[in-house]
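Notes to accompany the following structure.
Every number here is computed from the coordinates shown, using simple stated rules; none is lab data. Since this is a predicted model, take the numbers as computed values, not measurements. For neighbour counting, all protein chains shown are included, and Cβ atoms are generated from backbone atoms with ideal geometry for every residue, glycine included.
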Amino acid sequence: MALGQYVAGMGFSNVGLGLVHGMAHPLGAFYNTPHGVANAILLPHIMHYNAEYTGEKFRDIARAMGVKVEALSLADARNAAVDAVFALNRDVGIPLHLRDVGVRKEDIPALAQAALDDVCTGGNPREASIADITALYLTAW
């Protein structure tokens with residue numbers, strides 16, 4: 001298992017997982033938030049941010065989550081995917097907001113800088129500035 005974890009880590013560390021992971025890492029460092037929980041809280045917000053840069057991928061995600069997407073426009077299918085992830089989070093008991101896991105609003109500028117500097121952030125399909133990341137944290141807060 002240790003070897004498998006090591007090899008997997010080498011793989012995703014070298015490709016950049018994107019903004020969800022880049023923003024989740026500081027939450028673990030600052031607040032000891034479990035990484036999966038941090039990712040889950042952030043995921044639908046960042047999906048919304050990235051939606052226009054994802055081609056048909058979100059249509060596939062929505063379909064996989066049980067949404068009938070055939071008659072939907074691409075924009076509506078993207079929104080349906082985001083909504084489905086929000087619903088899944090609620091269904092499995094993921095906290096709705098970052099404040100629910102102890103994140104303090106006054107820490108958001110430092111969290112945003114740490115996320116911008118995170119190696120995973122560069123793999124995001126949409127480039128993000130410090131202002132974008134700050135806004136995303138505030139949206140999820």
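Excluding ASN124 itself, calculate the net charge of residues whose Cβ lies under 11 Å from the Cβ of ASN124, where each Lys or Arg counts +1 and each Asp or Glu counts -1. Mind showing how you got there, number by number?
Working: positive: ARG126; negative: ASP118, GLU127, ASP132.
Net of charged neighbours comes to -2.
Nearest 20 debye, what's the magnitude of the dipole of the chain about its Cα centre given +1 on Lys and Arg Cβ and -1 on Asp and Glu Cβ? Walk me through the intermediate numbers first.
Values: 10 positive and 14 negative charges, 46 e Å.
Magnitude of the dipole: close to 220 debye.
Counting only C-alpha contacts under 8 Å and six or more residues apart, can you give the relative contact order of segment 16-140 as a whole percent? Intermediate values should be presented prior to the final figure.
Numbers: 153 pairs, mean separation 52.7, N = 125.
It comes to 42 percent, rounded to a whole number.
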Fluctuation leader among ALA128, ALA75, ALA40 - the chain, Gaussian network, Cα springs under 10 angstrom: ALA75
Given the options THR33, THR54, THR121, state which has the largest fluctuation in a GNM of the chain using a 10 Å cut-off (strictly under) for Cα springs. THR54
In which sequence would HIS45, HIS97 go, from the one with the fewest C-beta neighbours within 10 Å to the one with the most? HIS97, HIS45
Please give the Cα centre distance for segment 89-129 versus segment 48-71, rounded to the nearest Å. 22
Translational diffusion coefficient (Stokes-Einstein; Kirkwood radius from C-alpha pairs) of segment 16-140 at 4 °C, 1.567 mPa s, in µm²/s: 88
For ASP83, net neighbour charge (Lys/Arg +1, Asp/Glu -1) across residues whose Cβ lies under 14 Å away: +3
Go ahead and set up a Gaussian network model of the chain, Cα springs under 10 Å, then flag whichever of LEU43, LEU27, LEU88 fluctuates most. LEU88
